[in-house]
Amino acid sequence: MKPTNFSLIISFIFLNLSWAQTSEDSINTYLEKAVSEYNIPSLSAGILVDGEIIWSGAAGFSNREQPVEATKETLYRIGSISKVLTATMVFRLVETGKLNLQDPVQKYLPNYPKNKKGSIKVIQLLSHTSGIDHYKGKETRSFIHYNNLRDASRIFENRKLKFEPGTKYKYSSYGFTLLGAVIEAATGKSFEVNLKELVLDRAGMNNTYIEDRTYPKLGQAKLYKKKGNEIIPDVDNDLSNIYPAGGLVSTATDLLMFFEAWRSGQLISMDNVQRMVEAIERNGEILDENAGLGWNIWKHNKHGWVCHRVGGQSGTSALLISYREQGVTVALLSNQAVLDPIWEITNTLIGFGLDQKD
């Protein structure tokens, strides 16, 4: 090789390294600015581009009183992003013959009450078409600890269904609680063990857990909320009534690792990956054009198909979003409930990812 060509190659490498460092510094600066500008306790985020995590970082305090700075390893509640992991687990069990989506719930839980409006099938729990209602009253902030999901499902098992199963769409976290009870009965293992064996270990997610308040994890962010402009502690509730629906803690990096393992078919077949991002329908009629299985779906007018899942509950706001056709995915976690600028911050991070591809 001629010396001049070699010099050009070395120069190109150093330019790329310099650009990458500049870009990373810019994203870190932006995240710190967002924490300050919007008065947020802390943020942790990551950007995945074409299968590679190009950046991850954190800003603010995971515990303001101590004070403890947030890091990339800080654990945050992920709220309803948990549903995407549960849906993936269900398809893995279907593929291994442990579950059948068309089976009625009573095949796995014989003592679950039959409803006058019809039998509930596994697929209807997964697709929010079971007719099971969402939370009532203060059930979003439960302080009761349930040892298993069948016990948790007794909260709502005798309530009237909102409609005949399979005929309409109605979002229900309790439907996923019952789905978790079905998983436990079908496998003879706890939801936690199934999650670890079927999803977490396979995706290399070493920092994702159920949130067991009887055995709290070290390094979890303290829960906060806003009262006017003041940041105050939020309710430290027990999530054992909704583990499959919203009871997990994780990191932004782990969520991106999950997404890549899911997207690439490492967790379930590509046919089932596609099925999870198709609109829910009945007899050819779409019941909700923005609802997939676990995911929400929509089409961006410039960047094509997008899938996302928002997680919001006591002490957390979370978002996992992928511009699938562009190959750019972002995970954003915060220890503040009702984070109003969550979409604005995430869209900016998506922009950094799109810039990487230019």
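For the peptides 86-97, 239-250, the ranking by mean Cβ contacts within 10 Å, running from highest to lowest, is 239-250, 86-97. With contacts taken as Cα pairs under 8 Å and at least 6 residues apart, the chain reaches a relative contact order of 23 percent. Screening the chain for whole DSSP H helices of 18 Å or more along their axis (Cα) with average Kyte-Doolittle hydropathy at least 0.5 returns 82-95, 173-187.
Projected over all directions and averaged, the alpha-carbon convex hull of segment 168-236 occupies 8.0 nm².
Let me have the 222 nm mean residue ellipticity of the chain computed from DSSP H runs of 4+ only, each contributing -39500 (n - 2.57), with the sum over all residues rounded to the nearest 500.
Helices in the chain give a 222 nm mean residue ellipticity of -10000 deg cm²/dmol.
Highest mean packing comes first when the peptides 182-194, 125-137, 343-355, 61-73 are listed by Cβ atoms within 10 Å, giving 125-137, 182-194, 343-355, 61-73.
Taking the mean number of other Cβ atoms within 10 Å as a proxy for protection, how do you rank 202-211, 322-331, 227-236 from highest to lowest? Please report the intermediate quantities before stating the final value.
Numbers: 202-211: 18.8, 322-331: 22.4, 227-236: 11.8.
Taking the mean over residues of other Cβ atoms within 10 Å, the ranking is 322-331, 202-211, 227-236.
Near L75, the amide H atoms lying under 5 Å from its own belong to Q220, A221; only residues 5 or more places off or on other chains count, and H is placed 1.01 Å from N. Centre-to-centre separation between the Cα atoms of segment 55-99 and those of segment 281-356: 15 Å. For E281, the residues whose amide H sits under 5 Å from its own are L287, ignoring neighbours fewer than 5 places away on the same chain, with H placed 1.01 Å from N. Coupling constants for segment 306-315 follow from the phi torsions by the Karplus curve (6.51 cos²θ - 1.76 cosθ + 1.60, θ = phi - 60°), and in residue order they are 10, 10, 8, 8, 8, x, x, 6, 3, x Hz; glycine and proline get x.
Placing pseudo-labels 7 Å out from each Cα toward the beta carbon at K227 and S26 gives an inter-label distance of 4.1 nm.
With each pseudo-label sitting 7 Å past Cα toward Cβ, what's the R159-K136 distance in nm, one decimal? Modelled inter-label distance: 0.6 nm. Scalar couplings 3J(HN,Hα) for segment 120-128, obtained by applying the Karplus form with A = 6.51, B = -1.76, C = 1.60 to θ = phi - 60°, are 8, 9, 4, 4, 6, 5, 5, 9, 6 Hz; x denotes Gly and Pro. Can you give me the convex hull volume of the Cα atoms of segment 54-165, divided per residue and expressed in Å³? Dividing the Cα hull volume of segment 54-165 by its residues yields 177 Å³. For R213 and V338, FRET efficiency with R0 = 35 Å and r from the beta-carbon atoms, rounded to 0.05? Plugging the Cβ-Cβ distance into 1/(1 + (r/R0)^6) gives 0.95. In the structure shown, the pairs K121/K217; K72/K98; K170/K299; K226/K299 are assessed against 30 Å; a Cα-Cα span above that value is assigned to K121/K217; K72/K98; K226/K299. Pairwise Cα distances in the chain exceed 29 Å for 41 percent of all pairs.
The numbers here are math on the coordinates, done by the rules we state, and not lab data. From a predicted model like this one, the values you see are computed outputs, not experimental measurements. Using ideal geometry, Cβ is built from the backbone for each residue, glycine included, and neighbour counts are taken over all protein chains shown.
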